[in-house]
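The values are calculated or read from the model by the stated rules, or taken from the named source; none is laboratory data. What you see is a predicted model; the values in this text were computed from it and never measured. In this analysis, Cβ positions are derived from the backbone assuming ideal geometry, glycine residues included, and neighbour counts consider all displayed protein chains.
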Ligand SMILES: Nc1ncnc2c1ncn2[C@@H]1O[C@H](COP(=O)(O)OP(=O)(O)OP(=O)(O)O)[C@@H](O)[C@H]1O
Ligand SMILES: [Mg+2]
């Protein structure tokens, strides 16, 4: 296994080489930066597994470096240890506020430095994407749907958006994937077998992740949508879907010119924290009730902290039940602070009919109000993808 790379940032050459040699002796590979700008550049190009960051540097101090590292999607997840002569509580607080994971005060015994490095790296459950993964994932062709709560209509929306995109754009490859092994729903919904997609891949210890191989695992629909399904039957191999594998799969499926839509279920978890930085668009589904709005607000706050801004992040309101006791859209907009792209009208009868027949609502009743809203939303999402990512090469 290649040595994990640590970026050490210090304007003092002596202390830089001292820290570097302590870590090198332990088998880490070291990148060095002598100032803030160089640190930002190295963080982007060297994809370090950890950054040890001095605070007091001329031009740009460590706090500003940390702030910028946290605000860029490519580097937002790299753990940071602030390393400084300053031992003031105020500085420590600022350090944590700008996103440091730990704090060391100079002078530190090499053994303590090593212990902190190991513990931060072990504790860091946030993604550390390898350089090759981060440069190949085709951000811009991936749309992630995630519900603020379970049962909000996330799967229904993802399926209907994919169908609308495929029907209106026959030339494009539209793939709808679910990354929830053992808990797949789409196959049951559409009456197609669920065992040849993700669950099949996970049964192999060293799965082939080439697109050619994955293409054979897709289930085509009459609309043109290609499904990459999860089995609805749990299996012991389900836990092989690590966040890293999910990113690799998304990367392999999102070939140029394709749009990969992923139904990610509800709430945030490690898989989502890894995948979201690669999505050209993340759509949070919210229902107009107080708890759902609160959860959506929390989730969106966390996603924004990952460096994903509102050009790539939005919400869609789904009204599943016709009732007057709902939170008004203006209030939802105020609470969420991201673009609210659509408010889908309630259609309980059509939703049930669609489930009973296994045909997506927009194909079953293309002239209904929710179908018109979903078709419009699919156009808006494609526009947003074009503005934010690499989509549209061949469309
Ligand atoms: N606009 C709508 N009007 C009425 N019912 C709807 C609407 N959209 C979806 N539904 C219904 O709401 C229920 C939940 O939808 P769905 O399974 O898509 O939600 P989900 O968020 O994916 O749920 P889960 O958390 O289980 O994954 C389904 O019965 C679906 O048919
Ligand atoms: Mg679902």
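Within region 80-94, the set of residues being modelled with pLDDT of 80 or more and either assigned to a loop (DSSP other than H, G, I, E, B) or within 10 Å of residue 104 (Cβ to Cβ) (or both) comprises 81, 82, 83. Looking across region 181-205, the residues that are surrounded by 21 or more Cβ atoms within 10 Å (Cβ to Cβ) and assigned to a loop (DSSP other than H, G, I, E, B) come down to 181, 184, 194, 197. Within the set 23, 50, 16, the sole residue that is within 26 Å of the chain's Cα centre (by Cα) and crowded, with 19+ Cβ neighbours inside 10 Å turns out to be 50. Restricting attention to region 270-287 and to residues that are within 16 Å of ligand 1 (Cβ to nearest atom) and over 17 Å from residue 151 (Cα atoms), the residue that is surrounded by the fewest Cβ atoms within 10 Å (Cβ to Cβ) turns out to be 271. Scanning region 133-156 for residues that are out of contact with any strand residue (DSSP E or B) (no Cβ under 6 Å at 6 or more places or on another chain) and either part of a helix (DSSP H, G or I) or at pLDDT 85 or above (or both) returns 133, 134, 135, 136, 151, 156. In region 20-44, the qualifying residues are those that are in contact with a strand residue (DSSP E or B) (Cβ under 7 Å, 6 or more places away or on another chain) and without any contact (Cβ under 8 Å) to a residue 24 or more places away in the chain, and the one that is nearest to residue 81 (Cα to Cα) is 20. Scanning region 351-364 for residues that are buried (at least 17 other Cβ atoms within 10 Å of the Cβ) and part of a loop (DSSP other than H, G, I, E, B), we see that the one that is farthest from ligand 2 (Cβ to nearest atom) is 359.
Across region 288-317, which residue is surrounded by the most Cβ atoms within 10 Å (Cβ to Cβ) among those that are closer than 22 Å to residue 160 by Cα, touching a residue at least 40 places away in the same chain (Cβ under 8 Å) and away from ligand 1 (no atom under 16 Å from the Cβ)? Only one residue fits best here, namely 312. The number of residues in region 274-296 that are at pLDDT 95 or above, within 21 Å of residue 384 (Cα to Cα) and either out of contact with any strand residue (DSSP E or B) (no Cβ under 6 Å at 6 or more places or on another chain) or part of a helix (DSSP H, G or I) (or both) comes to 1. Test residue 93 against the stated conditions and say whether it is in contact with a helix residue (DSSP H, G or I) (Cβ under 9 Å, 6 or more places away or on another chain) and either over 21 Å from residue 278 (Cβ atoms) or surrounded by 22 or more Cβ atoms within 10 Å (Cβ to Cβ) (or both). Spelling it out, it is not the case that residue 93 is in contact with a helix residue (DSSP H, G or I) (Cβ under 9 Å, 6 or more places away or on another chain) and either over 21 Å from residue 278 (Cβ atoms) or surrounded by 22 or more Cβ atoms within 10 Å (Cβ to Cβ) (or both). Determine if region 162-180 includes at least one residue that is touching a strand residue (DSSP E or B) at 6+ places or on another chain (Cβ under 6 Å), outside any loop (DSSP other than H, G, I, E, B), under 24 Å from residue 369 (Cβ atoms) and within 16 Å of ligand 2 (Cβ to nearest atom). The answer is yes, given that some residue of region 162-180 is touching a strand residue (DSSP E or B) at 6+ places or on another chain (Cβ under 6 Å), outside any loop (DSSP other than H, G, I, E, B), under 24 Å from residue 369 (Cβ atoms) and within 16 Å of ligand 2 (Cβ to nearest atom). For the residues 190, 186, the requirement of being touching a helix residue (DSSP H, G or I) at 6+ places or on another chain (Cβ under 9 Å), within 24 Å of residue 245 (Cβ to Cβ), touching a residue at least 40 places away in the same chain (Cβ under 8 Å) and in the same structural domain as residue 383 (by TED's automatic domain parsing) singles out 186. Within region 368-382, the presence of at least one residue that is farther than 22 Å from residue 273 by Cβ, modelled with pLDDT of 95 or more and in a loop (DSSP other than H, G, I, E, B) is confirmed.
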